Amino acid sequence: MSDTKLGYQKARMEKIAGVVTHGITAVSSCFCVYIIFISLKDIALGQPQSLEALADVFRALKLDSITAYLVGAGGVAYGFFERRQKKRIISEKGKLQKELEAGPWRTTSKLTSTGDNPESKL
């Protein structure tokens, strides 16, 4: 097999692995939420005072502000990750473009390195 075909297959397998990983994470998260709701139903049907006590615990934990901080930190981390990936991709593109334009004529626009048309040099 050629290197390009192997590279394509590797990239495809990495994408499939990513999708499977995200699928497992989503199913696990849904299962956890389901277990929590089943537990809350049992608490609510058992004794109404226990549900009020659970609400007091959630109020004391201030889950809304914790969630906001986590979402904000996740956004900042995602921004740094995207910036690093963008710099890496631009660097790779520059190297490849330099390789393509290494000859005496620029292959992308058919101009010389000074911007002249090759036919005008005759």
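The values are calculated or read from the model by the stated rules, or taken from the named source; none is laboratory data. All of these numbers come straight from a predicted model, not from anything done at the bench. With ideal geometry, Cβ positions are generated from the backbone for all residues, glycine too; neighbour counts draw on all protein chains shown.
Here are the numbers for this structure:
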| item | result |
| --- | --- |
| Filter result (surrounded by 10 or more Cβ atoms within 10 Å (Cβ to Cβ) and either at pLDDT 90 or above or hydrophobic (A, V, I, L, M, F, W, C) (or both)) within segment 1-10 | 6 |
| Residue check, residue 16 of a type in the set (A, V, I, L, M, F, W, C), modelled with pLDDT under 95 and under 20 Å from the mean Cα position of the chain (by Cα) | yes |
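Every residue, every condition in (1) surrounded by 10 or more Cβ atoms within 10 Å (Cβ to Cβ); (2) at positive phi; (3) not charged (D, E, K, R), yes or no:
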{"position": "12", "(1), (2), (3)": "yes, no, no"}
{"position": "39", "(1), (2), (3)": "yes, no, yes"}
{"position": "50", "(1), (2), (3)": "yes, no, yes"}
{"position": "62", "(1), (2), (3)": "yes, yes, no"}
{"position": "72", "(1), (2), (3)": "yes, no, yes"}
{"position": "82", "(1), (2), (3)": "yes, no, no"}
